[in-house]
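Working notes for the structure below.
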Amino acid sequence: MNPNPNTSIVLAALTVGFLALAFSFARVPARPGLVSRPPLVPREALAITPGTVRISAAQLVSSGGDVSGLDCYACHHKDSPPEVKFDAEHRIILPKEHADLIISMRNCAECHPPNDPVKLDYDASGNVIVPAAHRGLLAMAHGHTLRNNNCYNCHDRDQLDQLHTPEGVALKFDQATLLCASCHGTTYRDWLAGAHGRTNGYWDRKAGPIKREECASCHDPHAPAFTGLIPMPGPHLLHPLHQQNPGPTKGPDDHEL
Amino acid sequence: MSFDTKDSGMTRRSFLRTSAALSAGVAAIAAGLAPLRKLGQYSSVDEFLQKYYKELTPEEMKAVLARIEDEVQRQYGIRPHVRDYKPMNGVEFVYALNLTRCVGCRKCVHACVAENNQSRNPEIQYIRVLKMPNDGTFDVDKGDHNYAPKSVPEAGSFYMPVQCHQCKNPPCVRVCPVKATWQEADGITVIDYNWCIGCRYCEAACPYYARRFNFTNPSIPPDQLNLNMSYLGNRPRRKGVMEKCHFCTQRTRAGRYPACVEVCPTGSRKFGNILDPDSEVSYILKNKRVYVLKAELGTLPRFFYYFDI
């Protein structure tokens, strides 16, 4: 070893220098943390729901029991409401009788048993007079100009739990899609090919199942046209002049029947 | 041994001079290296030295994916599942959108943001829904994407969502100076966010206004992060890179529908494999009236608008 003091001094100075360098690197601030901001769009609004609240009891239970859009009192009386039970996860427990009930527009036979037929009244032009108990429940608006508003065009006069096509073919309620097809043939053809209606799941049939919606999952058969949706917010407007135009306000529910 | 100060070379004066010069030199080195401290966008040397996507061996890709999972975990506190989905054999994706049915509700826009981990603020959206006057024109300059009525659809308008058209002849790919974007075998034009230099040539070249640039570091609330991520798809981006619609590679290359297709309440959006004659898009292209946006440019989009009537 060379005891030259110059070498020691240079080495010491270099050590101090590199220590200073290391110290300056160690003080590099970490990445700035994320600023937590409220979500711009509520997640619930993105939930995949059909266009209306038509939903079967089985779907209802699997969806977490959201009954906010359903009218149980259409059949139940408000004076003696049914007892609603919830499970441990606050999901509604549906009675077995409701297992296959389509809850928004009801199967007539649920309230009108076949042995107690309904008497219909007609006005001067031959249209059915909707009974007071049904007003606001059934919006008859099938067809743009000529209202297809005679119940028995589709429902069976003698057996209210059945449907029939114009040709007289009897159909069960769960075959309603075929009833629609008896008039809307081209739409039914598109639907069969997957070109009409919602399609969820897997495009690759080998990878997983495909989920199709039937006509009545989205369309109310008594008023099949959609009434409109509340649009979700548009892109942010950066220029303050444009911000005078407020975005859409929150409505009660954009899935109107 | 004689004590000769001249030979030892170390007087008080020379010591002070030497140490002053040394500390000035060290300070100069530190100042010169200071810009390295701002290299924060590269979280590690591995990221800085990463190879081109197409040159990565499977083992190297595995290491890269693990590194990205680490980075996301460090930044968001949740460990995602990042995969490198490859194109499937015998598959070419095509998108079809029914202009007769679309009501302009923008659910697709926000489902896309949630699925693909786009920045919430500043806002980045891949889909732009144009409200078009119903006067027979397809001039996108007449479109308005800031519409905010109480209810849609509005009379006298139709709605035309525009997103990446996944062209067969993509101008954006041709202008990229570093080949950070390219067309894959299934027709999806992808971006390697680690290779992009952020020159924005592709944004200027795209006739459909489909590409978005990260002007700042994206901000995503950690609880809204989609943890199913793909390397060429929805993994979090960083400041200074381009991004765009990639047909949800993390879903579609696993056989599922894109998020915008699944959320559409009117069933206007259709997606599938055009090489499969039984797919819904094959049916639509065979049987429906189809419109191609800006067909005169020769970009040959894989995104088709169609009509029911």
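Counted over all Cα-Cα pairs of segment B:122-203, pairs farther apart than 16 Å make up 64 percent. Legend: helices of chain B (whole DSSP H runs) are marked when their alpha-carbon atoms reach 30 angstrom or more along the helix axis and their mean Kyte-Doolittle hydropathy is at least -0.5; marked are B:12-33. Using only side-chain charges placed at the Cβ, +1 for Lys and Arg and -1 for Asp and Glu, the dipole size of segment B:61-182 relative to its Cα centre rounds to 340 debye.
Each part gets one Cα centre, and for segment A:148-189 versus segment B:192-208 those centres are 55 Å apart. Within segment B:174-248, the chymotrypsin sites (Phe, Trp or Tyr not before Pro) that combine a DSSP coil assignment with at most 16 other C-beta atoms in a 10 angstrom radius are B:Y209, B:F215. Across segment B:93-307, the mean sequence separation of Cα contacts (distance under 8 Å, 6 or more residues apart), normalised by length, yields a relative contact order of 31 percent. Here, P(r) means the percent of Cα pairs in each 5 Å bin from 0 to the largest distance; for segment B:50-203 it is 1, 7, 12, 15, 17, 17, 12, 8, 6, 3, 1, 0. Taking other C-beta atoms within 10 angstrom as a stand-in for reagent exposure, B:L33, B:L22, A:L163 fall in the order B:L33, B:L22, A:L163, fewest first.
Note on segment B:153-309: lysine pairs with Cα distance below 21 Å, sequence gap of 8 or more or different chains, count 13. Residues B:L99, B:L275, A:L229, arranged from fewest to most other Cβ atoms within 10 angstrom of their Cβ, appear as B:L275, B:L99, A:L229. A viscosity of 1.306 mPa s and a temperature of 10 °C, combined with the Kirkwood radius over C-alpha pairs in the Stokes-Einstein formula, give segment B:21-116 a diffusion coefficient of 85 µm²/s. Of the Cα atoms belonging to chain B, the radius of gyration and Dmax stand at 26.6, 112 Å. Ordering B:E184, A:E167 from the fewest to the most neighbouring beta carbons within 10 Å gives A:E167, B:E184. The largest-to-smallest principal axis extents of the Cα set in segment B:174-309 are 45, 38, 25 Å. Simple point charges give the picture: +1 on the Cβ of Lys and Arg, -1 on the Cβ of Asp and Glu, and for segment B:56-127 a dipole about the Cα centre of about 360 debye. Proximity of backbone amide H atoms, modeled 1.01 Å from N, is registered between B:Y291 and B:Y305, B:Y306 at under 5 Å, excluding neighbours fewer than 5 places apart on the same chain.
Projection of the Cα convex hull of segment B:38-83, averaged over all directions and equal to a quarter of that hull's surface, yields 3.5 nm². Given +1 at the Cβ of Lys and Arg, -1 at the Cβ of Asp and Glu and no other charges, the dipole of chain B around its Cα centre is 580 debye to the nearest 20.
Quick note: the coordinates plus some simple rules give every number you see, no bench work behind them. Nothing here was measured: the structure is a model prediction, and the numbers come from that model. Methodologically, a virtual Cβ is constructed for each residue, glycine included, from the backbone with ideal geometry; neighbour enumeration extends over all protein chains shown.
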